[in-house]
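Okay, so here's the structure we're looking at.
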Amino acid sequence: MAEENATQDESAEQPQSQSQPQMLMSCPETGKPIDVSAVEPGTEFQSPYTGKTLISEWRLGPYVLKKRLGSGGMGTIYLAVDEKLGRTACVKILKPELSKQPGFLETFAKEAQITASISHPNVVQVYHFGTERGVSYLAMELLNGGSLDDLMNREGKLSEQRALEIGIQAARGLKEAFSRGLLHRDVKPGNVLFSHDGTAKIVDFGLSMPLDEAREYDGEVWGTPYYVAPEKLDSKGEDCRSDIYSLAASLFHAMAGRAPFEADTVSLVAWKHLKAGRVSLKTFAPHIHNETARVINRALEREPSARYQNYDEFIDALEYALKTSKEVPLEEEKKVRDLTGAQAEQRLGLYIMAAAIILGIVIVTLFLVFNRAKQERVDPLQLELELARQTPQQPPSPTPVK
């Protein structure tokens with residue numbers, strides 16, 4: 001009976017969370033377990049045994065979750081420590097409702113395995129995917145340089161060269177994933193992270209899908225509406241040109257300080273991607289070079305066939321735009337543009353002058369020809385009289401007498 005009461009007392013001190021699996025940590029002084037399921041990692045709480053203030057920690061496999069870093073459509077991200085390897089990591093806990101979807105965990109695990117096999121400087125390194133006590137989680141490389149979204153919020157508009165450098169690196173990472181048959185399907189500023197040295201890395205392949213499935217996919221649309229490709233909204237299937245569109249929309253936002261299409265509602269933003277007229281980066285970012293605008297505008301064409309057809313084309317175009325931005329100052333480009341305009345006007349003036357001269361020559365020539373013809377024209381009656389005067393008169397023939 002005493003043991004039963006003790007068990008009941010401990011249960012009272014450790015309230016169970018009905019909404020999520022049980023997370024336990026040990027009391028530093030008593031060694032007894034404490035249920036911290038309702039206390040997020042990094043949050044202070046009082047020990048039910050000693051009353052002292054403790055910091056909540058969750059354990060999943062070898063990872064000890066220290067504090068929350070953020071959240072997204074797929075789940076919540078935490079700073080963690082791998083106790084076995086002694087390194088920091090980033091752990092994403094998937095939303096419970098996703099884990100309950102039929103086949104979701106199997107598909108997610110497969111894509112996590114493929115992503116983990118990618119070793120590229122512009123793709124985040126995935127360490128481990130697992131499920132423990134009903135909690136599905138993904139452990140990956142910790143990047144402490146923030147995201148492109150954070151950078152845009154701080155600076156408003158990025159410099160042209162910085163945005164192009166980020167775009168080139170992100171495109172290289174997407175190209176590597178695509179070479180393994182993966183589409184990202186949620187390219188946006190929040191999924192471009194930076195390492196401590198500023199290297200851009202593509203992260204969160206949680207919505208990724210094998211290419212052969214994406215081409216026929218007509219199910220629920222995931223992704224951020226400000227950057228989603230029109231064909232995805234229209235359920236026409238996706239390929240690498242869809243991710244290229246989303247990356248270009250992100251770079252547009254970075255340089256212009258706003259997304260290509262904006263509206264009061266998500267549905268209206270999506271409608272604009274599908275139906276609105278073409279938008280030019282120069283309209284909202286007149287300070288950038290023409291070549292940069294040309295590249296971004298082409299990548300944002302509504303029809304995939306009008307965009308860059310593969311990552312090599314897109315990366316080459318971005319690199320050329322970056323080279324142009326470094327070698328041709330905007331002042332010189334403006335002078336060239338103004339000079340070109342002046343030359344065009346001068347050339348037009350010369351064309352008009354030449355046309356006028358030619359027209360004048362034609363008119364004078366016609367006048368002279370007509371006048372000469374008029375002078376040389378002979379009246380038939382006058383001609384007959386003249387001939388009569390010049391012809392000798394013959395005496396009349398005598399009339400014969402009968």
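Entry note: segment 21-130 has Rg to Rh equal to 1.02, where both radii use alpha-carbon atoms and Rh is the Kirkwood radius.
Distant-in-sequence amide contacts of K66, defined by a placed amide H-H separation under 5 Å and a gap of 5 or more residues or a different chain, comprise L79, A80, V81. Around the amide H of S71, modelled in the peptide plane, lie the amide H atoms of I77, all under 5 Å away and 5 or more residues distant in sequence or on another chain. Whole-Hz Karplus values for segment 55-66 come out as 10, 5, 9, 10, 10, 9, x, x, 9, 10, 7, 9 Hz, taken residue by residue from phi with 6.51 cos²θ - 1.76 cosθ + 1.60 and θ = phi - 60°; glycine and proline positions read x.
Taking the fewest neighbouring Cβ atoms within 10 Å as the starting point, the ordered list for R307, R162 is R162, R307. Would you mind checking K95/K232; K67/K282; K52/K201; K100/K157; K32/K92; K67/K323 for any pair whose Cα atoms are more than 32 angstrom apart? Pairs exceeding the cut-off: K67/K282; K52/K201; K100/K157; K67/K323. Note on V269, V364: ascending count of other Cβ atoms within 10 Å places them as V364, V269, the fewest first. With neighbour counts taken as other beta-carbon atoms within 10 Å, the residues M353, M23 rank, fewest first, as M353, M23.
Taking the alpha-carbon centroid of each part, what is the distance from segment 94-141 to segment 230-270 in angstrom? Cα centroid of segment 94-141 versus Cα centroid of segment 230-270: 26 Å apart.
By the Kirkwood approach, averaging reciprocal distances over each pair of separate Cα atoms, segment 148-328 gets a hydrodynamic radius of 16.2 Å. For segment 144-200, the equivalent ellipsoid derived from the Cα gyration tensor has semi-axes of 21, 11, 11 Å, listed largest first.
Every number here is computed from the coordinates shown, using simple stated rules; none is lab data. Bear in mind the structure is a predicted one, so any value in this text is a computation, not a measurement. Positions of Cβ are generated from backbone atoms using ideal geometry, with glycine treated the same way; all protein chains shown enter the neighbour counts.
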